[in-house]
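Notes follow the structure.
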Amino acid sequence: MCGIVGILGNKPVAQRLIDGLKRLEYRGYDSAGIATLESGLLHVCRAQGKLVALQSAFDSSPIIGNLGIGHTRWATHGVPSEVNAHPHVSSKVAVVHNGIIENYAHLKEALIKKGHAFVSQTDTEVVTHTITDYLNQGLSPFDAFKASLKDFHGAYALAILIKDTPDTLFVARRGSPLVVGFGDGETYIGSDALVLAPWTKQLCYLEEGDYAILTPEKAMFYNEYGQSVDRPIKTISINADAVTKGGYDHFMLKEIFEQPTAVKETVESLIDPVSERLKLPVDVDWNAITKITMVACGTSYFSTAVAKYWFEMIAKLPVEVDIASEFRYRESPLPKGGAALFISQSGETIDTLEAMKQAKEMDQTTIVVVNVPESSMDRLADYSFHTKAGPEIGVASTKAFTCQLAVLATLCLDAAIKRGVLSDVEAKEYAQQLLNLPNEIYGILQKESDYQQVAETLKPARDALYLGRGTSFPIAMEGALKLKEISYIHAEGYAAGEMKHGPIALIDQLMPVIVLAPFDKWMVKTLSNLQEVIARGGIAICFTDRIGREHIQKDQIPTQIVEMPMTHLMTAPILYAVPMQLLSYYTALLRGTDVDQPRNLAKSVTVE
Ligand code: AGP
């Protein structure tokens with residue numbers, strides 16, 4: 001996904017656009033650029049690479065103007081380069097775009113025949129030349145803008161400057177989010193509320209298919225049918241500090257250490273810390289639900305994989321989980337009276353969003369757990385639950401994940417209580433365990449030196465294996481994903497019981513094996529799998545607790561142990577996720593990779 005920002009200001013905007021892009025860099029960092037309109041002239045400054053390159057380019061040749069747009073790119077069509085960087089300009093138009101114009105090749109061919117000269121490999125450049133072509137035909141700027149939107153198929157968030165319209169910004173949204181902000185004599189546009197936070201908290205979200213004309217004083221909104229519409233202004237309070245590292249070396253480390261607070265705020269938004277009783281913001285009729293289909297991507301998918309165990313074991317409710325990009329195309333016959341639950345930190349991941357739309361068409365009750373209020377999924381769902389993690393900037397998801405699990409655990413309790421399969425006493429015990437999570441996480445974070453030591457073992461590895469059973473199996477997969485995405489070591493999370501069906505052939509001195517074995521009903525069998533690894537010369541590090549340590553020492557299993565606190569069915573996956581995060585962080589540090597902006601990645605993937 002990419003990041004878009006725009007300012008219709010009453011003072012120069014260029015540096016503020018760049019500052020805004022720095023708050024959007026987590027959305028993509030292959031290249032960046034800004035464009036301003038001043039006295040009928042379009043000025044552009046672009047650079048390949050991260051924002052520091054654009055800042056340097058701007059410092060060496062600044063551009064002027066009180067009206068401008070900016071963009072930070074995650075490449076889809078066309079390699080990361082200056083020529084493919086946005087804004088894309090013609091003699092009359094400057095465009096920044098998030099999304100994909102799917103029919104760009106057809107449009108490009110027709111425009112080239114009409115004499116338009118393309119310089120980039122991007123799909124976005126067809127937007128620039130389509131509008132320019134309509135202007136060349138004599139249409140007014142507004143009519144040229146409107147007409148061009150009808151030509152585009154696919155997803156877009158657009159911000160457009162047209163040379164002959166000073167003090168005006170043309171914006172449109174289809175499939176990619178866009179929010180308008182209102183300041184003191186200025187208006188703003190951004191991909192999310194975060195980028196606008198230092199400037200304003202008065203925000204207006206474009207609905208799907210909307211387009212708008214912005215002036216420094218106001219915004220005029222139109223729906224996809226061209227009808228003038230009002231969009232409510234909401235006060236969204238986002239702490240602008242969220243986009244600073246707060247003294248930590250990386251956003252990821254800051255967000256890992258924010259987990260006690262994030263999980264506390266999340267749990268206490270759903271469970272009263274005094275009465276220890278649930279207080280969900282919406283009343284889900286779980287007795288009307290025959291089966292839950294849970295769908296997500298990446299780390300968020302692993303939270304659904306954990307929730308499957310909880311819902312089936314505690315709430316006795318059948319659950320099917322799937323990754324969104326597969327669910328969308330397998331034509332699953334969802335049951336009438338079913339519920340579809342979607343998990344997303346950003347609330348914008350296109351695979352998950354499209355799966356959600358599909359579930360709605362299949363008459364499923366849609367429930368979403370998101371970290372970004374007013375995100376596309378948040379606005380589309382029948383029921384919304386918010387993780388209270390606060391903005392998560394590091395590309396590797398950490399605090400959002402543990403907060404997702406906390407929400408899912410609470411939803412499971414709600415379902416179990418309403419379905420009459422959990423007594424008040426049992427429910428209270430679970431609630432107490434969840435309310436105590438912040439303290440437990442805090443204690444685990446104090447032992448970071450243990451994880452730094454294990455990172456030394458992982459550092460030279462080309463491959464690594466993470467093993468777990470039951471609710472530890474998804475955490476093994478999550479640990480492997482964390483290691484892959486920020487240290488670039490190939491890692492695989494595997495069901496410990498599956499090792500003997502093939503993967504055990506991989507075991508050798510060169511591939512560290514991380515084993516997750518909290519004291520639960522699966523532990524003894526997991527420790528047997530640990531022994532099978534060691535018996536074949538493998539190097540194993542076992543994350544376990546006091547009871548697990550006693551078993552290992554009694555059986556004299558030669559393995560390195562990282563001791564964890566005692567846990568319960570609902571707390572183990574949440575607590576064991578934390579050392580997995582720190583392990584990947586410290587390994588990445590040792591390997592010198594970019595922790596917050598790993599290569600090829602972006603924080604949320606809004607392209608399919
Ligand atoms: C997690 O560390 C990754 N950055 C990625 O797998 C992420 O979880 C996935 O893209 C889903 O994003 P979402 O939660 O915003 O939908």
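No value in this document is a laboratory result; all are computed from the given coordinates. What you are looking at is a predicted structure, and each value in this text was computed from that prediction instead of being measured. No Cβ is skipped: glycine too gets one built from the backbone with ideal geometry, and neighbour counts run over all protein chains shown.
Can you give me the relative contact order of region 75-162 as a percent, contacts being Cα pairs under 8 Å and 6 or more apart?
Once divided by the residue count of region 75-162, the mean separation gives 42 percent.
Measuring from label point to label point, each 7 Å out along Cα→Cβ, what is the ASN10 to LEU590 span in nm?
5.7 nm
Here is the link list: LYS264/LYS428; LYS108/LYS146; LYS201/LYS264; LYS388/LYS418; LYS254/LYS482. Which ones come out longer than 20 Å on Cα distance?
LYS201/LYS264; LYS388/LYS418
For the residues ARG16, ARG23, what sequence is obtained by ranking on other C-beta atoms within 10 Å, fewest first?
Fewest-to-most ranking of ARG16, ARG23: ARG16, ARG23.
Order these by the 10 Å Cβ neighbour count, fewest first: HIS43, HIS97, HIS106, HIS129.
The order, fewest Cβ neighbours first, is HIS106, HIS43, HIS129, HIS97.
Holding the Cα-Cα limit at 31 Å, pick out from LYS245/LYS291; LYS150/LYS360; LYS22/LYS360 the pairs that are longer than that.
LYS245/LYS291; LYS22/LYS360
Counting other Cβ atoms within 10 Å, keep those with at most 13, restrict to DSSP loop, and tell me which GluC sites (Glu not before Pro) in region 248-342 are left.
Here the GluC sites (Glu not before Pro) that fit, given the DSSP loop and packing criteria, are GLU331.
Could you give the alpha-carbon Rg of region 452-599 over 2.2 N^0.38 Å, rounded to two decimals?
0.96
How many angstrom lie between the Cα centre of region 232-285 and the Cα centre of region 580-608?
22 Å
Whole-Hz ³J(HN,Hα) for each residue in region 169-186, computed from phi via Karplus 6.51 cos²θ - 1.76 cosθ + 1.60 with θ = phi - 60°, x for glycine and proline: what do you get?
10, 9, 10, 8, 9, 8, x, 10, x, 8, 10, 9, x, 10, x, 8, x, 9
Restricting to bridges with both residues inside region 37-183, how much of the DSSP beta-bridge set is antiparallel, in percent to the nearest 5?
95 percent
Do any trypsin sites (Lys or Arg not before Pro) in region 49-142 lie in a loop, going by DSSP, with at most 13 other beta-carbon atoms within 10 Å of their beta carbon, and if so which?
Qualifying residues, ordered by number: LYS114.
Counting other Cβ atoms within 10 Å of each Cβ, which trypsin sites (Lys or Arg not before Pro) in region 331-371 have at most 16 and sit in a DSSP loop?
Those satisfying the criteria are LYS336.
Where the centre of each part is set by its Cα atoms, how far does region 1-65 sit from region 376-391, in angstrom?
Going from one Cα centre to the other spans 30 Å.
How high is the relative contact order of region 478-608, in percent, with contacts defined as C-alpha pairs under 8 Å that are six or more residues apart?
Over region 478-608, the number comes to 30 percent.
Share of antiparallel DSSP beta bridges in the chain, in percent to the nearest 5?
Antiparallel bridges make up about 60 percent of those DSSP assigns within the chain.
P(r) for the chain, please, calculated from all Cα pair distances in 10 Å bins and given in %.
Distribution as computed: 3, 17, 25, 24, 17, 10, 4, 1, 0 percent.
Which one of TYR104, LEU575, CYS412 is farthest out on the positive end of the charge dipole of the chain, using unit charges on Cβ (Lys, Arg +1; Asp, Glu -1) and the Cα centre as origin?
Toward the positive end, the furthest listed residue is TYR104.
Stokes-Einstein D for region 1-120 at 25 °C, 0.890 mPa s, Kirkwood Rh over Cα pairs, in µm²/s?
169 µm²/s
Give me the distance in nm between label points sitting 7 Å out from Cα along the Cα-to-Cβ direction at TYR225 and SER423, one decimal.
Rounded to a tenth, the inter-label distance reads 5.8 nm.
Distances longer than 18 Å among the Cα atoms of region 517-578: what percent of all pairs is that?
29 percent
So how far, in whole Å, is the C-alpha centre of region 440-473 from the one of region 87-137?
Rounded to whole Å, the Cα centres lie 49 Å apart.
Going from the alpha-carbon gyration tensor of region 243-347, what semi-axes, largest first and in whole Å, does one get by taking the root of 5 times each eigenvalue?
Calculated on Cα positions only, the semi-axes equal 30, 21, 11 Å.
Would you work out the relative contact order for the chain, in percent, from Cα pairs under 8 angstrom that are 6 or more residues apart?
After rounding, I find 12 percent.
Based on other C-beta atoms within 10 Å, arrange CYS45, CYS204 from fewest to most.
Sorted ascending by nearby Cβ count, the order is CYS204, CYS45.
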